Amino acid sequence: MKSISLYRGDCLNQAICKCSCEVDPAKPAKNACAKSERCDCLRIKEGCSKLCACKQICKNKEPVKKLVKVVKPSQGCQCAKSKKQCVKKECPCRSVYEFCSSNCKCCGDCTNGPSKFHVPKHVQSCFLEHKHESSGLIVTLIGEDYIYRGDFYHESKSEPHVEEQLVAAIYDLISKYKVDLYEIVIFVSKSPCFHQDCDPKCEVVDECKSNKACAKLLGLLLSKVRKELTKVDVKMTVKFLYPHLNRGDLYTKQGILCMLQAGIKVEPLLMKDWSAIMDWTPHVDHKGEYLQLWNNHNLDKARAVAQSQSFINECRRALGLSMKFWVAEIHEIVKNTILHYSEIRVKCGELNDALKQVRLS
């Protein structure tokens, strides 16, 4: 892999992205930058600039009209009481990415209340079982006196990827409302994709023009958030469990490189992260179950956390960054020792009794 310099995100007056859309000389303004799945500028809702390959000879040359941002409503929701209270987007609190509170008719005692948040079973299964197509994502938005957590799910090729759903949701938030956001933490079941549209696998990774990469999209989102909020210090962290191996090692590493270049902190998803996700609001009836699930599915083994760590460090080394070690062999030894402590103690007792019998005889 090539060594690539890190992206500088400390200037809010620069173009967020440069699309690589090719222009047909015969009909230049009719076909360039017409589809959002091909044009990076359209994907992130930015007008093309002179730095783009299209040179603004396209349909997307006009600057995107910005909405007048308003303060989020604080009167709370009036959702009718039911088993699925405040579940749907029609809930005013959900629509502005806020938890329900004491100002609401539900008083926050609903599915959108901070004390009732839980990860749906279908999203959990994406983390526990590495399925070919489906993936799950949980995001935590953190600001001054503000925190919100949501989840996204992708099941089939016809649906937007979880990262694309997340980008649309956050753009909806920052374009409509005044938000003091300073950190976005993303927990995702597998590493964001790179070259998801190339089939069969593309052999020109760097020059490919049909690339639709969610890893790249997250980097564009971070730049977009910083520009919209006029804050250069907004942080983004991506923690993934499984490498995106169905596209091959090279594609997984290119995706990680892409995020690191954009200034995103990339880490493997560890047991402590899994606990923080699942134990957001611990209840007696399920406390501790999530740790058992983690161990039962052997998520610390080489196929998940350790392998993800290896890929991340290879990419960090390519960028001249120091390597980091979140898991190591000694951690596995200590964990297994604790898990099997009672069993070892029983065996030692049996051995001690056997030795006493030997001495007596």
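No value in this document is a laboratory result; all are computed from the given coordinates. Model, not experiment: these values are computed from the prediction. Positions of Cβ are backbone-derived with ideal geometry, glycine not excepted, and every protein chain shown enters the neighbour counts.
Assorted remarks:
- For the listed peptides 347-355, 138-146, a ranking on the average number of other beta carbons within 10 Å per residue, highest first, reads 138-146, 347-355.
- Once the chain from Asn298 to Lys265 is taken as fully extended at 0.36 nm per residue, the excess over their C-alpha distance is 9.4 nm.
- Gyration tensor (alpha-carbon) shape descriptor, region 111-172, a/c threshold 1.5: oblate
- Thr230-Lys176 FRET efficiency (beta carbon distance; Förster radius 22 Å; 0.05 resolution): 0.85
- For the listed peptides 66-78, 250-262, a ranking on the average number of other beta carbons within 10 Å per residue, highest first, reads 250-262, 66-78.
- Length gained on full extension, Lys157 to Phe117: 11.6 nm, using 0.36 nm per residue less the C-alpha separation.
- Cα-based equivalent ellipsoid of region 15-108: semi-axis lengths in Å, sorted from largest, via gyration tensor: 44, 14, 9
- Compared with the alpha-carbon gap, the fully stretched path from Lys88 to Glu129 is longer by 12.1 nm at 0.36 nm per residue.
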